[in-house]
């Protein structure tokens, strides 16, 4: 019987970000496409979430809830203290839905947006719908 006893067990690991150590004169143009994803391929959404919590100094013991919003997996930390979505294909509709919840902070995966236009518009959408929200991409 697997019971939830009310606490999390965390362990320190290496960074979730790709190690990018190269010299410009040793990098060919065709290699640039391999550098598009800045996150290590073996990392989960939970790994990214806890990195963001540590980076922002958010208490790791706060309640975390996962919901499906616009067919994407979205984390809500302490209701609206932090909202995070690390899925690919983030649309403007999802961004507007999350902005309407007026979170204190919101974070997305940098290459998770469906288009560059959506990525560019994220800050403007939050500025209009939730001006107090701190917006970040990793």
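The values are calculated or read from the model by the stated rules, or taken from the named source; none is laboratory data. Because the structure is predicted, anything quoted here is derived from the model rather than measured. With ideal geometry, Cβ positions are generated from the backbone for all residues, glycine too; neighbour counts draw on all protein chains shown.
Considering segment 113-138, and only residues there that are modelled with pLDDT under 95 and under 25 Å from residue 59 (Cβ atoms), the residue that is surrounded by the most Cβ atoms within 10 Å (Cβ to Cβ) turns out to be 138.
Tally the residues that are in a helix (DSSP H, G or I), in contact (Cβ under 8 Å) with a residue 12 or more places away in the chain and over 15 Å from the mean Cα position of the chain (by Cα), restricting the search to segment 96-116.
Matching residues across segment 96-116 total 2.
Is it true that residue 82 is at pLDDT below 95 and in contact with a strand residue (DSSP E or B) (Cβ under 8 Å, 6 or more places away or on another chain)? Spelling it out, it is not the case that residue 82 is at pLDDT below 95 and in contact with a strand residue (DSSP E or B) (Cβ under 8 Å, 6 or more places away or on another chain). The residue list 47, 55, 87 contains one member that is more than 22 Å from residue 131 (Cβ to Cβ) and not in a helix (DSSP H, G or I), which is 87.
Residues checked against (1) in contact with a strand residue (DSSP E or B) (Cβ under 7 Å, 6 or more places away or on another chain); (2) touching a residue at least 40 places away in the same chain (Cβ under 8 Å):
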| position | (1), (2) |
| --- | --- |
| 66 | yes, no |
| 87 | yes, yes |
| 94 | yes, no |
| 120 | no, no |
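Give just the number: which of (1) closer than 19 Å to residue 127 by Cα; (2) free of Cβ contacts under 8 Å to residues at least 40 places away in the same chain does residue 79 not satisfy? Here residue 79 clears every test but (1). Scanning segment 46-76 for residues that are out of contact with any helix residue (DSSP H, G or I) (no Cβ under 7 Å at 6 or more places or on another chain) and on the phi > 0 side of the Ramachandran plot turns up 57, 71.
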